[in-house]
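Notes follow the structure.
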Amino acid sequence: MAQVAQLPIIEHYSAYKPRPFTREQRADTTILYGGLTWKHERMMQGALHNLKYKAEPLPNIAREDLDAGKELIDTGACCPTIFTTGSLVNFLKKEVKEHGKEEVNKKFVYLTAGACGPCRFGQYHESYAMALDGLGLRDFRLFLLAQDELDQGPGAGGGLDINMAMSLGLIWSILCGDLVTDLEYATRPYEANKGQTELVLRDVVEQMYELFLHRPDRGKKYGTMAWHLMSNYFTKALREVRKKWDAIEVDHLRVKAKVKITGEFWLQTHEGEGNYNIKRWLESEGAEVIPPPVAVWLDYLMHPDVRIREHRAKPSRKKLMKESLMRNLEKVYKASYNRFRKALGNIPYELPDQLELRALANPFYHYELSGGEGHMLVGKALYAYHHKKAHMVCELTPYSCMPNTMSVGSMANVLGKYPDLLYAPIEIKGDAEVHALSRCQMILTEAKRRAQSEFESVLAKLGVTVEDVRRHESKHPEVRRASYRVPHMGYAGTAANYVTHLVATGKIKGGRVAESAAAAAMVL
Ligand code: SF4
């Protein structure tokens, strides 16, 4: 009888599926999350604690996370995927060492944002699953928080109920995190007493944590939505924040190059070793940074549904209703953001109009090319340029990121048309700091030169001196408070806007009457 060859046993791929997380386990299970700044994450923690979840943000990304991620996921992954996977891996390794695998599988679940789409963002969870396999933690549970659904309902087991109260709590904490971050970056470069901004910031973030922790329960669906949109609970607290901010003394006559940060979502938001701490580094080199709010990204995500009509010759009634709902939702979303800004004296930046970003980017990058930040990178650079919001744009591009590589390519075309747009595309690999920062420094040197000459030309044009401003400040110390808003008067630099604003509002007399009157007309 012929011998039958022994065939190798093939283990087929099976997609990761988390074990259920039951309601009974909620009290003893900690939800891990991460990916934003410590300010956003602390406020999100308040929102989760409010709903009686145990929740902990992962430690801030460190250089070692890159190595841990590289060991366990595919080598071609983009740098944010490697960093964030490595961060989870390092945390779990430490916990396994202390408590053992079984305990870690029981004690923690990981909650991460998920989406589908052409870039690796849609595959993040697969990388996490791959890393869990590598660690022998296949039983560890990770869950996706879809970005396009506010009410996903309870997941398997009911331990995690992604309902309206949770989604709005998280979104509102993200908006407040953005606004406080804007305040921070508009203040720190000008603080008269080094370290004061950080002190007040810590206090304010704790205050906001308490605010989210004690958020009243207004039901699971429309009641909670109406309350979030209409209540003065948040605006009252933000007015308190502004009062605390008033304690910080600033010197707005320091001439700083204003740098708008754009780039891939995670990399531009992150504050730490994942992007070489580039925002703090820019400040230490004499810049004022405009940080990128997560709120712009959320607005961007609404837009495909805002323009259903563009896709279909004959949209169904249901689709048209969805479009109209999303249009109204966007209006309400922006109105809420503006209410919060107002409570902070309008110091945080306004959200750019998505249609304007799209129109600006359109000749260079089509808005239907989704993935990453899509056309927004080109749109934001041109927005800052045309509206004179910054002297320079620094685009943080992750190593091995498909959408960002396309936008950097398109920017070559943009620069051909606008050669005086100062643009620094910085590729971030996580382990090539000197190269990235020195490249940024080259462009920053020119931005600083422009900021200085802009300031000098404003003084000359208005016929005022630094001494005139100092004299006014000594009699009116309120203009040296960080809660005092320096409005945009058509210049990129804060110092130039400050002097123009003081002259335009008649606070100091410009020597050149015609120019001062023209400046005053800008205020009206
Ligand atoms: S946008 Fe780029 S860096 Fe971000 S997840 Fe997608 S591929 Fe990775």
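The values are calculated or read from the model by the stated rules, or taken from the named source; none is laboratory data. Bear in mind the structure is a predicted one, so any value in this text is a computation, not a measurement. Here the Cβ is made from the backbone with ideal geometry for all residues, glycine too, and neighbour counts use every protein chain on show. Quick note on the areas: whole protein, heavy atoms, side chains included, nothing else; ligands and nucleic acids left out. Shrake-Rupley method; radii C 1.70, N 1.55, O 1.52, S 1.80 Å.
Laid out as a table, the results:
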| read-out | value |
| --- | --- |
| Among the candidates E198, E206, residue that is open to solvent by 40 Å² or more (accessible area, probe 1.4 Å) and within 30 Å of K389 (Cβ to Cβ) | E198 |
| Filter result for the condition that a residue is away from the ligand (no atom under 16 Å from the Cβ), modelled with pLDDT under 85 and not hydroxyl-bearing (S, T, Y), over L150, L137 | L150 |
| Residue count, the range 176-195 (criterion: within 14 Å of the chain's Cα centre (by Cα) and either closer than 24 Å to G286 by Cβ or surrounded by fewer than 22 Cβ atoms within 10 Å (Cβ to Cβ) (or both)) | 6 |
| Index of the failed condition, G490 passing every other in (1) loosely packed, with under 15 Cβ neighbours inside 10 Å; (2) assigned to a loop (DSSP other than H, G, I, E, B); (3) without any contact (Cβ under 8 Å) to a residue 60 or more places away in the chain | (3) |
| Odd one out for G371, checked against (1) more than 28 Å from P487 (Cα to Cα); (2) among the small types (G, A, S); (3) in contact with a Leu (Cβ under 7 Å, 6 or more places away or on another chain) | (3) |
| Flag if A226 is small (G, A, S), open to solvent by 20 Å² or more (accessible area, probe 1.4 Å) and assigned to a helix (DSSP H, G or I) | yes |
| Hits in the range 414-466 - residues which are in contact with a Cys (Cβ under 7 Å, 6 or more places away or on another chain) and closer than 16 Å to V259 by Cβ | A424, I426, I428, C440 |
| Check on A436, surrounded by fewer than 23 Cβ atoms within 10 Å (Cβ to Cβ), away from the ligand (no atom under 14 Å from the Cβ), on the phi < 0 side of the Ramachandran plot and in a helix (DSSP H, G or I) | yes |
| Extreme residue, farthest from the ligand (Cβ to nearest atom), among residues of the range 99-124 that are at pLDDT 80 or above and in contact with a Gly (Cβ under 8 Å, 6 or more places away or on another chain) | K101 |
| Subset of the range 283-299 (residues that are under 23 Å from N338 (Cα atoms) and either open to solvent by less than 30 Å² (accessible area, probe 1.4 Å) or touching a Ser or Thr at 6+ places or on another chain (Cβ under 7 Å) (or both)) | E288, V289, I290, P291, P292, P293, V294, A295, V296, W297, D299 |
| Check on L36, closer than 20 Å to L396 by Cα and at pLDDT 95 or above | yes |
| Lone qualifier among A436, A390, A451, A424 - being in contact with a strand residue (DSSP E or B) (Cβ under 6 Å, 6 or more places away or on another chain) and farther than 16 Å from E288 by Cβ | A436 |
| Residues that are within 16 Å of the ligand (Cβ to nearest atom) and on the phi > 0 side of the Ramachandran plot, drawn from the range 369-394 | G371, G372, G374 |
| Scope the range 244-282; condition in contact with a Phe, Trp or Tyr (Cβ under 8 Å, 6 or more places away or on another chain), open to solvent by 20 Å² or more (accessible area, probe 1.4 Å) and within 20 Å of L36 (Cβ to Cβ); matching residues | F265, E271 |
| Test: residue in the range 282-291 that is modelled with pLDDT under 95, more than 16 Å from the ligand (Cβ to nearest atom) and at positive phi | no |
| Whichever residue in the range 355-373 is more than 14 Å from N404 (Cβ to Cβ) and modelled with pLDDT under 90 and, among such residues, is most open to solvent (accessible area, probe 1.4 Å) | E368 |
| Any chance K331 is at negative phi, open to solvent by 10 Å² or more (accessible area, probe 1.4 Å), within 16 Å of the ligand (Cβ to nearest atom) and assigned to a helix (DSSP H, G or I) | no |
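Residue by residue, here is whether (1) of a type in the set (S, T, N, Q); (2) buried (at least 20 other Cβ atoms within 10 Å of the Cβ) holds:
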site: P477; (1), (2): no, no
site: S483; (1), (2): yes, no
site: T494; (1), (2): yes, yes
site: V499; (1), (2): no, yes
site: G506; (1), (2): no, no
site: G511; (1), (2): no, no
site: A518; (1), (2): no, no
